[in-house]
Amino acid sequence: MLSIFSQIVSDDAVLPMRDCIVKALEKLTVDQGMPPSPDSWVTSNIIEPALQLWDGNNQENLVSQETFLEEFKKVAERVAQNLKEQPVIVAHSENTFDGSGIKRLLSNKFELDKLLNTALENVPKDRNGKVSKEYLRVVLDVVAPSASLPPIGAVEQIDKVVADAFDMINADDGKAVKEDEFKKLLTEILGSVMLQLEGNPVSISSNSVVHEPLASSSSLLQPSS
């Protein structure tokens, strides 16, 4: 907890005690017995009730390491009690982006052409029927699910790979090109991303609260004894 307190203080030098406690809870992990705090159900049913029952006498005082630990312990005990009364199911998922989905798509020219044609239907064109390169990312986002890629902005490492692919073919110059050239550029981008991911796969893991019954392979989060 001392390291978490140091992070909070360095992030924001002046914070009310309540905000410090909330930030500390956000930094706790599933391995430490805390379900993902951004989940609205967890916030409403686990965290907020604990904060409401906390007296908060020191929340307006200057937050020191000693007072923080003392007040955080009070809230954490109530959070643990809430979790005991309302256990939370957390699903852990891992996903590896290795370019195989892109490879499958690129190997099926009919499917790729059909997908690109559909994606381009809603993209603005100038009076000469040309498409601005500015829409390459828009169309890539439409194609992404079929290429086993996450949406742009969802995974930072993938965004960097995509940005590198755009740089390689100067795709951000904003020029307008014919539809066939646009499709060719997008195919080249996909190919570049595929090669980068084949050489350096990107693995991500995530934890999410399950709001419906799940198979027994999930983790039932309860306070550790």
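Remarks
- Qualifying residue in segment 83-97 (condition: modelled with pLDDT of 95 or more and of a type in the set (Phe, Trp, Tyr)): yes
- Those residues of segment 73-115 which are farther than 20 Å from SER44 by Cβ and of a type in the set (A, V, I, L, M, F, W, C), in sequence order: PHE97, ILE102, LEU105, LEU106, PHE110, LEU112, LEU115
- Residue within segment 110-124 that is in contact with a strand residue (DSSP E or B) (Cβ under 9 Å, 6 or more places away or on another chain) and either within 25 Å of ASP39 (Cβ to Cβ) or touching a residue at least 12 places away in the same chain (Cβ under 8 Å) (or both) present: yes
- Residue list for segment 188-225, restricted to those being modelled with pLDDT of 95 or more and surrounded by 17 or more Cβ atoms within 10 Å (Cβ to Cβ): ILE189, LEU190, SER192, VAL193, MET194, GLN196, LEU197, VAL202
- ARG137 vs. criteria under 26 Å from LYS175 (Cα atoms) and assigned to a loop (DSSP other than H, G, I, E, B): no
- Some residue of segment 43-64 being among the aliphatic types (A, V, I, L, M) and surrounded by fewer than 12 Cβ atoms within 10 Å (Cβ to Cβ): yes
- Which numbered condition SER107 misses (of (1) out of contact with any Lys or Arg (no Cβ under 6 Å at 6 or more places or on another chain); (2) surrounded by 12 or more Cβ atoms within 10 Å (Cβ to Cβ); (3) at pLDDT 95 or above): (2)
- Selected residue (only one of ALA144, ALA171, ALA119, ALA163 is part of a helix (DSSP H, G or I), over 30 Å from ASN45 (Cβ atoms) and at pLDDT below 95): ALA119
The values are calculated or read from the model by the stated rules, or taken from the named source; none is laboratory data. All of these numbers come straight from a predicted model, not from anything done at the bench. FYI the Cβ positions are ideal-geometry reconstructions off the backbone, even for glycines, and counts take in every protein chain you see.
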